[in-house]
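Peer 1: Got a structure for you, written out below as structure tokens; questions coming shortly.
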Amino acid sequence: MLNDDLLPIVKFASNQDNEKPMIKIAIFASGNGSNAQRIIEYFQSSRSIRVAMVLSNNPDAPVLERSRKLGVPAEVFSRVEFYETDKIPAILRKNGISFLILAGFLWLVPGNLLKTFSGKIINIHPALLPKYGGKGMYGMKVHQAVIESGDKESGISIHTVNEKYDEGQILFQAKCSVESGDTAETLAMKIHELEHQYFPKVIEEEVLGNRQ
Ligand code: GAR
């Protein structure tokens, strides 16, 4: 039973626990959403960072259902809304978002978002940039190109986002080997494993490092 006299003490203790406000991040994703799910789950136990919303350009993307199941609201936007209005920055502002994470998001980020979230947009790419980056290089297309090239290694790149595809500052890379029996599918599995292992941790470091 809670005694009224104890309330100020209880309140004081919980304030101390939560001295710094939660940093809210939003995930942008266009497809399956295994990375988004991993990131949401990772930060569910964080005292500093929370995934507050997921946004997608694709109404059929499985990421929407994955997010909602984990209690994270997910919204869909159109090409016109993204490129020709300030609807998305307004939604993000209203929800107190301070970082954007692109996890399998396939559209180029427009100037209004780059300006509002300057240096605070992070993307993951499933290859060792600057190789296999640029327009049209996403998902299985990247793995197919790596297999066809005969490269003996591939990996992941986590980077800040600018006005060009896959050309921001690289924050982190991790490698894996490409064996002679590998196919685009088996390489994709290796890459996803690396992504799930490192992406949430790199986000955490970057977001906390940027905290004012
Ligand atoms: C990930 O491998 C990510 O690196 C890639 O899409 C996949 C999304 O998987 N992103 C790009 O290719 C961007 N150029 P997921 O939907 O299971 O997280």
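Peer 1: Which percent, nearest 5, of DSSP beta bridges in the chain are antiparallel?
Peer 2: Restricted to the chain, the bridges split so that about 40 percent are antiparallel.
Peer 1: Please give the net charge around residue 103, taking every other residue with its beta carbon less than 12 angstrom from that of residue 103, where Lys and Arg add +1 and Asp and Glu add -1.
Peer 2: Charge balance in the 12 Å sphere: +1.
Peer 1: So what are the three principal axis dimensions of the range 93-210 from its Cα atoms, in whole Å, longest to shortest?
Peer 2: 49, 26, 21
Peer 1: Any idea what Rg and Dmax come out to for the chain if you just take the C-alpha atoms, in Å?
Peer 2: When restricted to the Cα atoms of the chain, Rg and Dmax are 19.1, 72 Å.
Peer 1: Tell me, rounded to the nearest percent, the portion of alpha carbon pairs in the range 67-157 spaced more than 16 Å apart.
Peer 2: 64 percent
Peer 1: Still on this structure, I have one more. Cα atoms only: what Rg and Dmax, in Å, come out for the range 161-212?
Peer 2: Final numbers for Rg and Dmax: 14.3, 48 Å.
Peer 1: Follow-up. Which value in Å does the Kirkwood hydrodynamic radius of the range 26-113 take, with 1/r averaged over all unlike C-alpha pairs and then inverted?
Peer 2: When all Cα pairs of the range 26-113 are included, the Kirkwood radius is 13.0 Å.
Peer 1: Please give me the summed charge of the neighbours of residue 116: other residues whose Cβ is under 11 Å from its Cβ, Lys and Arg +1, Asp and Glu -1.
Peer 2: Around residue 116, the surrounding residues sum to +2.
Peer 1: For residue 53, what charge total do you get from the other residues with a beta carbon under 13 Å from its beta carbon, if Lys and Arg give +1 and Asp and Glu give -1?
Peer 2: Summing Lys/Arg as +1 and Asp/Glu as -1 gives +4.
Peer 1: Okay, moving on. With n ≥ 4 as the cut-off for DSSP H runs, can you work out [θ] at 222 nm for the chain, using -39500 (n - 2.57) per run divided by the number of residues, rounded to the nearest 500?
Peer 2: It lands at -12500 deg cm²/dmol.
Peer 1: Sticking with this structure for a sec: Among 40-47, 121-128, 173-180, how do they line up from the highest to the lowest mean number of other beta-carbon atoms within 10 Å?
Peer 2: Highest mean packing first, the order is 121-128, 40-47, 173-180.
Values quoted throughout were computed directly from the atomic coordinates according to the rules given, and no laboratory measurement underlies them. Predicted model only: the values in this text are computed from it and were never measured. Neighbour counts run over all protein chains shown; Cβ positions are idealised from the backbone, glycine included.
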